[in-house]
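Written out below as structure tokens is the structure these notes cover.
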Amino acid sequence: MTGTIPVRVREITALAPTLKRFAFEPAHGGAFPTAPAGGHVMLTLRDGARVMKNAYSLVSPPGARGRYEIIVRKVAQSRGGSAFLHAHVAAGDVLEMAPPVSLFPLAATARKHVLIAGGIGITPMLSFLAELQARGARFELHHLSSPEEVPVFERLLAPYAVDADIRVHGGGRAAFDLAGLLSRQPLGSHVYTCGPHSLMDAVGTTALALGWPRGSVHKESFGAAAGGLPFKAVLTRSGMEVMVGENQTLLEAIEAAGVAARCLCRGGACGECVTRVEEGEVDHRDDFLSDAEKAAGALIMPCVSRARGPRLVLDL
Ligand code: FES
């Protein structure tokens with residue numbers, strides 16, 4: 001994606017040992033573009049010659065133009081972006097940010113909005129809460145947390161908890177009655193989920209099993225692609241061969257080689273990075289391609305998917 005905005009880190013707040021909130025302001029004054037509810041931005045982080053791109057949901061209220069905020073979890077297996085932000089970025093630093101994009105909008109016609117988040121998946125829900133409360137819309141939010149982080153998320157949600165059904169659950173997935181929650185919602189409700197893939201899959205399959213229309217189930221997926229065996233990618237139009245490491249995505253390897261590749265979500269959801277496969281078998285890990293397209297093996301989403309063998313030849 002081209003076109004980035006220089007942003008200055010205005011403030012960093014530690015929320016928990018692995019959670020930090022970063023507030024940004026336009027580096028050269030003026031105002032940011034208006035961000036939609038559920039919108040995300042992409043940060044480009046440079047560590048010497050190494051370039052990392054990470055997508056983060058904006059947690060600042062939609063429409064706020066003087067300040068954007070994100071919350072970043074430092075994960076043990078981070079491929080670099082979140083660990084770099086936690087360890088090396090300080091107030092006053094200037095970073096590159098792609099303007100906000102919304103791939104996770106609130107449904108305009110929903111009779112009620114049911115928000116289900118797990119862990120750091122709470123972030124897009126925070127901007128939803130601000131929007132839903134401003135609209136006076138009917139909603140409830142359920143957040144699944146580890147027991148030790150319940151107070152952290154309760155503090156985070158405290159500003160929204162007026163006249164709203166907002167709950168943090170620390171008792172584990174088994175104690176959360178997902179089917180009961182979804183089965184008591186009025187006709188015309190929409191459900192939105194963000195968090196671990198197992199939670200998002202459970203929300204989707206439970207809702208569909210209960211007869212929710214497919215179009216009433218929404219999920220937000222960000223770059224949680226696990227690694228895999230290393231392989232070689234041959235980029236025919238660029239005339240290059242790229243090695244993809246075991247803890248690196250194909251997209252990251254392509255970018256590191258200096259080849260421009262389109263992307264928006266970096267999580268296998270938006271379709272922006274779709275690339276034609278000329279040779280090789282694909283290990284599909286995205287939520288964008290249909291089962292038939294995956295079976296045909298002619299397309300790949302390099303942000304999450306990998307080779308199932310030692311080599312892939314791509315039209316790139
Ligand atoms: S960047 Fe969105 S699917 Fe790859």
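Kindly indicate which of Gly63, Gly118, Gly80 is small (Gly, Ala, Ser), surrounded by fewer than 16 Cβ atoms within 10 Å (Cβ to Cβ) and out of contact with any His (no Cβ under 7 Å at 6 or more places or on another chain).
Step by step, each of Gly63, Gly118, Gly80 is checked, and only Gly63 is small (Gly, Ala, Ser), surrounded by fewer than 16 Cβ atoms within 10 Å (Cβ to Cβ) and out of contact with any His (no Cβ under 7 Å at 6 or more places or on another chain).
Conditions: (1) at pLDDT below 95; (2) away from the ligand (no atom under 16 Å from the Cβ). Ala202 meets all but one. Number of the miss?
(1)
If you scan region 285-301, which residues turn out to be away from the ligand (no atom under 13 Å from the Cβ) and outside any helix (DSSP H, G or I)?
Ser290, Gly297, Ala298
Please give the number of the condition Glu149 fails out of (1) more than 22 Å from Val75 (Cβ to Cβ); (2) surrounded by 14 or more Cβ atoms within 10 Å (Cβ to Cβ).
(1)
What is the residue count in region 244-262 for residues that are under 18 Å from the mean Cα position of the chain (by Cα) and either of a type in the set (S, T, N, Q) or away from the ligand (no atom under 11 Å from the Cβ) (or both)?
Within region 244-262, the first condition is being under 18 Å from the mean Cα position of the chain (by Cα), and the residues that meet it are 248-252, 262.
From what is left, the residues that are either of a type in the set (S, T, N, Q) or away from the ligand (no atom under 11 Å from the Cβ) (or both) are 248-249, 252.
Matching residues across region 244-262 total 3.
What are the pairs, 6+ residues apart or on separate chains, where a residue within region 263-290 that is within 27 Å of Leu43 (Cα to Cα) has its Cβ under 9 Å from a residue that is at pLDDT below 90 and of a type in the set (Ser, Thr, Tyr)?
Going by the 9 Å Cβ cut-off, the qualifying pairs are Cys265/Ser221; Gly267/Ser221; Gly268/Ser221; Ala269/Ser221; Asp286/Ser221; Asp287/Ser221.
Restricting attention to region 217-262, and to residues there that are of a type in the set (Gly, Ala, Ser) and touching an Asp or Glu at 6+ places or on another chain (Cβ under 8 Å), which single residue is modelled with the highest pLDDT? Working first, answer last.
Our first condition is that a residue be of a type in the set (Gly, Ala, Ser); within region 217-262, this holds for 221, 223-228, 233, 238-239, 245, 253, 256-258, 260-261.
Next, from what is left, pick out any that are touching an Asp or Glu at 6+ places or on another chain (Cβ under 8 Å): 221, 227-228, 233, 261.
Details: Ser221: 79, Gly227: 79, Gly228: 87, Ala233: 97, Ala261: 89.
Checking each candidate, the answer is Ala233.
Which is outside any helix (DSSP H, G or I) and crowded, with 20+ Cβ neighbours inside 10 Å, of Val304, Val259, Val234? Even if it seems obvious, please write down each step before you answer.
Values: Val259 fails: crowded, with 20+ Cβ neighbours inside 10 Å; Val234 fails: crowded, with 20+ Cβ neighbours inside 10 Å.
So the residue among Val304, Val259, Val234 that is outside any helix (DSSP H, G or I) and crowded, with 20+ Cβ neighbours inside 10 Å is Val304.
If you scan region 23-40, which residues turn out to be assigned to a strand (DSSP E or B), surrounded by 21 or more Cβ atoms within 10 Å (Cβ to Cβ) and over 16 Å from the mean Cα position of the chain (by Cα)?
Phe24
Residues of region 263-284 being surrounded by fewer than 20 Cβ atoms within 10 Å (Cβ to Cβ), within 12 Å of the ligand (Cβ to nearest atom) and either among the polar types (S, T, N, Q) or modelled with pLDDT of 90 or more (or both), which ones?
Residues satisfying the conditions are Gly271, Glu272, Val274.
Checking the conditions here, which among Leu58, Leu95 is under 22 Å from Val152 (Cα atoms) and more than 16 Å from the ligand (Cβ to nearest atom)?
Working: Leu95 fails: under 22 Å from Val152 (Cα atoms).
It is Leu58.
Can you give me the ranges of the strands (runs of 3 or more DSSP E) entirely in region 41-127 with at least 2 residues that are closer than 23 Å to Gly258 by Cβ?
Ranges flagged: 50-57, 94-102.
The values are calculated or read from the model by the stated rules, or taken from the named source; none is laboratory data. Quick caveat: nothing in here was measured; it's all calculated off a predicted structure. Note: ideal-geometry Cβ built from the backbone for every residue, glycine included; neighbour counts use all protein chains shown.
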